[in-house]
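The values are calculated or read from the model by the stated rules, or taken from the named source; none is laboratory data. Quantities reported herein were computed from a predicted structural model and do not represent experimental measurements. Methodologically, a virtual Cβ is constructed for each residue, glycine included, from the backbone with ideal geometry; neighbour enumeration extends over all protein chains shown. When the accessible area is computed, the model is the full protein with side chains, heavy atoms only, and any ligands, DNA or RNA have been set aside. Shrake-Rupley method; radii C 1.70, N 1.55, O 1.52, S 1.80 Å.
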Amino acid sequence: RSGQTKRRKGRLEVNNPGHSPKQSDADAILMQGSELAKAGNVAAALPLFKKALEADPSLIKGYICLSLAYRDTQQLAASLETALKGLEIAPDNSPLLTLVSEAYRLQKQTHEAINYMEKALAVEPDNPVIISNLAILYFDCGDKENTLKYAQKAIDINPTQAQAHYFKARALKYDSAEDPHLADILSLINETAQLDPRSKAYFHFAAAKIF
């Protein structure tokens, strides 16, 4: 993050729709950039994403990938500008709405971030990632009631939504090792072998935050 921005806990998740088989030069360039980004070379991917959009300014996936690349290289203003430009073409695109929300969040404009995440939720009302993101945003502004509301809703839809468990645990204070939420978290850690390492880390942190 930039030098003036204190790091936020957690990261809003973006449902990147991926890439279909190449159908044009722009798609081919985008796929090349995506392979570099996937390998961790975001700096090299970024100019390819720009080139793809130059070839096809209507390529929505290009705006998503370029905004993500700017975000991941801590260029928050450019990430926001790119996502907003994409929304001019596709105003109901939930990944772009989420990226705008994330950019505002990282610049500590939490109410704007909530506004755009709620727009994303209106597009995908049963998406546990978006619902969990709202729990994070409400936690940022100290709204315990809505943090718990959206965290629990995300968990009800997807019991392995790790960040929802983490922020639920942070919003609550427990005084007993017998609390059922702790049991749920430990069960998921022990029984859900397919969880990715990042999700497992959130479950471990959630368990630690209970006390």
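At a glance:
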read-out	value
Highest-first arrangement of 161-172, 118-129, where packing means the average Cβ count within 10 Å	161-172, 118-129
FRET efficiency, 1/(1 + (r/R0)^6) with R0 35 Å, evaluated for Thr160 and Ser24 via beta carbons	0.40
Net length gained if the chain between Glu145 and Glu118 were fully extended (0.36 nm per residue, minus Cα distance)	8.1 nm
Sorted peptide list for 50-56, 62-68, criterion being average Cβ within 10 angstrom, highest first	62-68, 50-56
Within the accessible area of the stretch 24-136 (1.4 Å probe), percent carbon and sulfur	51
Point-to-point label distance, Ala90-Lys51, nm (Cα→Cβ direction, 7 Å offset)	2.2
Distance in nm between pseudo-label sites at Ala39 and Ser58 (7 Å out along the Cβ direction from Cα)	3.2
